[in-house]
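Shown next, in structure tokens, is the structure this report addresses.
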Amino acid sequence: MHLFYTFGHVLVNMPEKVLDANVFIHSTGLNMRFEEAVTVPSVKQELESEEARERYENSDIDAYRPGEENVMKVKERVEELGDELSTADIRVLALALERGSTVVSDDYGVQNVASSLDIEYEGFSQGNIDKEMEWKKICSRCGEEVEGGSCGRCGGEPERVPAES
Ligand SMILES: [Zn+2]
């Protein structure tokens, strides 16, 4: 975790933040709240309300495209973990990985993947998850643990369940 030391009004050691779509949807005063923040172009496509789009347009927050190799790295990890993330979420994580930044997201799936890739993250309105969620796939027909697309025993469809630790 990054620590923030406050000397009067000066903040030091402030890591750059990469913001997910929900931050634009729910936050007012973005520029004041985040000194150094960036996002990815595909976040804009997730902003459905006029208000959220205006917040994005009016902020000083720049959008950067992460490199394809980092996008692939994140995609692979998302698949391994059995999470389902949007294109924008994957790109937010890839950009943070590339720049060594902190992801700002309330999405537990995003936090989970960040944690797994050693990317710093923080929640926006709720607390962080305190434990990394692990998922496994089991057969919806016979309950056998499944590796890959279908059950090795009966050919049934897999479903995702939390792995008990
Ligand atoms: Zn089965």
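The values are calculated or read from the model by the stated rules, or taken from the named source; none is laboratory data. If you're wondering where the values come from, they're calculated on a predicted model, not measured in any experiment. As a convention, Cβ positions derive from the backbone with ideal geometry for all residues, glycine included, and neighbour counts pool all protein chains shown.
Go through the stretch 55-84 and report how many residues are touching a residue at least 40 places away in the same chain (Cβ under 8 Å) and of a type outside the set (D, E, K, R).
4
Would you be able to say whether some residue in the stretch 120-141 is modelled with pLDDT of 90 or more and in contact with a helix residue (DSSP H, G or I) (Cβ under 7 Å, 6 or more places away or on another chain)?
yes
Can you tell me which residue among Ala21, Ala52 is at pLDDT 85 or above, surrounded by 14 or more Cβ atoms within 10 Å (Cβ to Cβ) and farther than 24 Å from Ser115 by Cα? Quick ask: steps written out before the conclusion?
Details: Ala21 fails: farther than 24 Å from Ser115 by Cα.
Being at pLDDT 85 or above, surrounded by 14 or more Cβ atoms within 10 Å (Cβ to Cβ) and farther than 24 Å from Ser115 by Cα holds for just one of Ala21, Ala52, which is Ala52.
Out of all the residues in the stretch 103-120, which are within 16 Å of Thr39 (Cα to Cα) and small (Gly, Ala, Ser)?
Ser105, Ala114
May I ask you to list the residues in the stretch 67-118 that are out of contact with any strand residue (DSSP E or B) (no Cβ under 8 Å at 6 or more places or on another chain) and of a type in the set (S, T, N, Q)? Let's see the steps before the verdict.
Let us first name the residues in the stretch 67-118 that are out of contact with any strand residue (DSSP E or B) (no Cβ under 8 Å at 6 or more places or on another chain), namely 67-80, 84-91, 94, 97-98, 100, 106-109, 112-113, 116-118.
Correct list: Asn70, Ser86, Thr87, Asn112, Ser116.
Inspect all residues belonging to the stretch 135-148 and state whether any of them is among the aliphatic types (A, V, I, L, M), assigned by TED's automatic domain parsing to the domain that holds Arg33 and either away from the ligand (no atom under 16 Å from the Cβ) or touching a residue at least 12 places away in the same chain (Cβ under 8 Å) (or both).
No, every residue in the stretch 135-148 fails to be among the aliphatic types (A, V, I, L, M), assigned by TED's automatic domain parsing to the domain that holds Arg33 and either away from the ligand (no atom under 16 Å from the Cβ) or touching a residue at least 12 places away in the same chain (Cβ under 8 Å) (or both).
Just name the residue that is farthest from the ligand (Cβ to nearest atom) out of those in the stretch 155-165 that are loosely packed, with under 14 Cβ neighbours inside 10 Å and modelled with pLDDT of 90 or more.
So the residue we want is Glu157.
What is the one condition in (1) within 16 Å of the ligand (Cβ to nearest atom); (2) hydrophobic (A, V, I, L, M, F, W, C); (3) surrounded by 17 or more Cβ atoms within 10 Å (Cβ to Cβ) that Leu85 does not satisfy?
(1)
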